[in-house]
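Visitor: Got a structure for you, questions after.
The values are calculated or read from the model by the stated rules, or taken from the named source; none is laboratory data. No experiment lies behind these values; they were computed from the predicted model shown. Cβ coordinates were reconstructed from backbone atoms using ideal geometry, including for glycine residues, and neighbour counts include every protein chain displayed.
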Amino acid sequence: MTASDRSGLAAGPVPARREMPGQARPAGAPAPGRARKTVSLYGLTFSLPMLLWQMIFFLAPLLFLVALSFWSVRNFRMEPDFNPDNWSRMLGRSVFWEAYLRTLLLSATAAIVTSAVAFPASYAIAFKLSETARRWAIFLMVIPFFTSYLVRVYSWQIFLSDNGIINALLAKIGLGPFPMLNSNFGTMVGYLTLCLPLVILLQLFSLIFVDRTLVEAAHNLRCGRLRTVFEVVVPAARVGLTIAALFCFILTFGDFVSPLYLGGGDPPTLSILITDTTKSGQQWPRAAVVALVMIATLLVIAFAAVRFAYKERGR
């Protein structure tokens, strides 16, 4: 070992060379501050079941649905074919676009109304209740899922009919009767029955993890309670609030029960239109066209909502 080697060892480890501004980086060298992503066999092994699940239960039925939309129906029997007539017939009908806009409007309204109704409850549970009371509140939010959604909708018919419980109570004070069944109001009541407990839970799980020091700092800066909620709490919980509204939109967009049994089914939504299409001459290929349009709409809205929810975190 030479003298220069011994002096280098005595001086300790050589510090990493810093790249000066404007200095050229060697070709092929990774950019500073960026970690190179590697895919390990361990990660692929544990992600394989999820990939197989998605391929078997989502991708394969979706591909079959696409193929089915081009089949033909002859003598009430489906035959494999490549006939784009199903697409032109369905997309060229005004009843399809009326049902599409109606479904889109009802689902968007349900997402907004349900989120607005659920937020005070989830906020109170997250910020005002103790740990024990919060556990009981979560338990009470889960209980409605123990009962069939169809049974709950049938029970609403007793309340909302012209001679139902609500109109009977209103008649005692000289009001009514108000037509609530077979209307958009009835449909919205059914949507709230379906989604309200779930939206409260999703909002609650997001609000629980809001940093309390941010709320205290806002109060120390003399920020009012309402302003603190909209300028501190809501932005901090934006991901959970957006995902909750997205789940509500997805569930109501494909719901069949409430529009039929509480909304009357006329004019139809897309889910009712699928049923009517299959009943008229066994036109399953045309019903597949409607289903694919619904799936495409939900995918676009879901990606847009997730992008909005995480846009600040990606910067």
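Visitor: Filter segment 66-97 down to residues that are surrounded by fewer than 12 Cβ atoms within 10 Å (Cβ to Cβ) and outside any helix (DSSP H, G or I), then give me how many there are. If you could, list the steps in order and put the result at the bottom.
Guide: Of all residues in segment 66-97, those surrounded by fewer than 12 Cβ atoms within 10 Å (Cβ to Cβ) come to 74-77, 79-80, 82, 84, 88, 92, 94.
Narrowing further to those that are outside any helix (DSSP H, G or I): 74-77, 79-80, 82, 84, 92.
The number of residues fulfilling the criteria is 9.
Visitor: Here are Leu104, Leu52, Leu63: which of them is part of a helix (DSSP H, G or I), surrounded by 11 or more Cβ atoms within 10 Å (Cβ to Cβ) and either acidic (Asp, Glu) or free of Cβ contacts under 8 Å to residues at least 12 places away in the same chain (or both)? Working first, answer last.
Guide: Values: Leu104 fails: either acidic (Asp, Glu) or free of Cβ contacts under 8 Å to residues at least 12 places away in the same chain (or both); Leu52 fails: surrounded by 11 or more Cβ atoms within 10 Å (Cβ to Cβ).
Sole residue among the options that is part of a helix (DSSP H, G or I), surrounded by 11 or more Cβ atoms within 10 Å (Cβ to Cβ) and either acidic (Asp, Glu) or free of Cβ contacts under 8 Å to residues at least 12 places away in the same chain (or both): Leu63.
Visitor: Which of the following residues is farther than 29 Å from Arg238 by Cα and hydrophobic (A, V, I, L, M, F, W, C): Phe119, Phe64, Phe139?
Guide: Result of the check over Phe119, Phe64, Phe139: Phe64.
Visitor: When you scan segment 211-265, how many residues do you find that are of a type outside the set (Gly, Ala, Ser) and either crowded, with 19+ Cβ neighbours inside 10 Å or touching a residue at least 12 places away in the same chain (Cβ under 8 Å) (or both)? Quick ask: steps written out before the conclusion?
Guide: Filtering segment 211-265 for residues of a type outside the set (Gly, Ala, Ser) gives 211-216, 219-223, 225-235, 238-239, 241-243, 246-253, 255-257, 259-262.
From what is left, the residues that are either crowded, with 19+ Cβ neighbours inside 10 Å or touching a residue at least 12 places away in the same chain (Cβ under 8 Å) (or both) are 211, 214-215, 228-229, 231-233, 238-239, 241-243, 246-253, 255-257, 259-262.
Here the count works out to 28.
Visitor: Looking only at segment 186-231, which residues are β-branched (Val, Ile, Thr) and within 18 Å of Ser115 (Cβ to Cβ)?
Guide: Initially, segment 186-231 is screened for residues β-branched (Val, Ile, Thr), giving 187, 189, 193, 199-200, 208, 210, 213, 215, 228-229.
Answer for segment 186-231, where residues must be β-branched (Val, Ile, Thr) and within 18 Å of Ser115 (Cβ to Cβ): Thr187, Val189, Thr193, Val199, Ile200, Ile208, Val210, Val229.
Conditions tested, residue by residue: (1) touching a Leu at 6+ places or on another chain (Cβ under 8 Å); (2) among the aromatic types (Phe, Trp, Tyr); (3) without any contact (Cβ under 8 Å) to a residue 24 or more places away in the chain.
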residue: Phe70; (1), (2), (3): no, yes, no
residue: Asn75; (1), (2), (3): no, no, yes
residue: Phe127; (1), (2), (3): yes, yes, no
residue: Leu140; (1), (2), (3): no, no, yes
residue: Leu160; (1), (2), (3): yes, no, no
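Visitor: Check whether at least one residue in segment 89-101 is closer than 25 Å to Val293 by Cα, of a type in the set (D, E, K, R) and more than 28 Å from the chain's Cα centre (by Cα), and report yes or no. Talk me through it step by step, then tell me what you get.
Guide: We begin by selecting, within segment 89-101, every residue closer than 25 Å to Val293 by Cα; these are 89-101.
Add one more test, that the residue is of a type in the set (D, E, K, R), and what stays is 89, 93, 98.
From what is left, the residues that are more than 28 Å from the chain's Cα centre (by Cα) are 89, 93.
Taking every residue of segment 89-101 in turn, at least one turns out to be closer than 25 Å to Val293 by Cα, of a type in the set (D, E, K, R) and more than 28 Å from the chain's Cα centre (by Cα).
Visitor: Related question: Can you name every residue in segment 279-315 that is surrounded by 16 or more Cβ atoms within 10 Å (Cβ to Cβ), under 24 Å from Ser258 (Cα atoms) and out of contact with any strand residue (DSSP E or B) (no Cβ under 9 Å at 6 or more places or on another chain)?
Guide: Across segment 279-315, the qualifying residues are Ala287, Ala288, Val289, Val290, Ala291, Leu292, Val293, Met294, Thr297, Leu298, Ile301.
Visitor: Can you find a residue in segment 128-141 that is in a helix (DSSP H, G or I) and touching a Gly at 6+ places or on another chain (Cβ under 9 Å)? Break it down stepwise before answering.
Guide: Here is the first cut: in segment 128-141, the ones in a helix (DSSP H, G or I) are 131-141.
So of that shortlist, the ones also touching a Gly at 6+ places or on another chain (Cβ under 9 Å) come out as none.
There is no residue in segment 128-141 that is in a helix (DSSP H, G or I) and touching a Gly at 6+ places or on another chain (Cβ under 9 Å).
Visitor: Next question, about the same structure. Where in segment 174-234 are there helices (runs of 4 or more DSSP H), lying fully within it, with 1 or more residues that are closer than 30 Å to Asn163 by Cβ and not β-branched (Val, Ile, Thr)?
Guide: Values: elements: 184-207, 212-220, 225-228.
The helices (runs of 4 or more DSSP H) meeting that bar are 184-207.
Visitor: Which one of these is modelled with pLDDT of 95 or more, of a type in the set (Val, Ile, Thr) and either surrounded by fewer than 14 Cβ atoms within 10 Å (Cβ to Cβ) or closer than 19 Å to Ala121 by Cα (or both): Ile165, Ile138, Ile200, Ile158? If you could, list the steps in order and put the result at the bottom.
Guide: Numbers: Ile165 fails: modelled with pLDDT of 95 or more; Ile138 fails: modelled with pLDDT of 95 or more; Ile158 fails: modelled with pLDDT of 95 or more.
After applying the criteria, what remains is Ile200.
Visitor: Based on what the data block shows, is Ile173 surrounded by 15 or more Cβ atoms within 10 Å (Cβ to Cβ), among the β-branched types (Val, Ile, Thr) and either out of contact with any Lys or Arg (no Cβ under 9 Å at 6 or more places or on another chain) or at pLDDT below 90 (or both)? Before you say what the answer is, go through the steps one by one.
Guide: Values: surrounded by 15 or more Cβ atoms within 10 Å (Cβ to Cβ): no; among the β-branched types (Val, Ile, Thr): yes; either out of contact with any Lys or Arg (no Cβ under 9 Å at 6 or more places or on another chain) or at pLDDT below 90 (or both): yes.
Criteria not met by Ile173.
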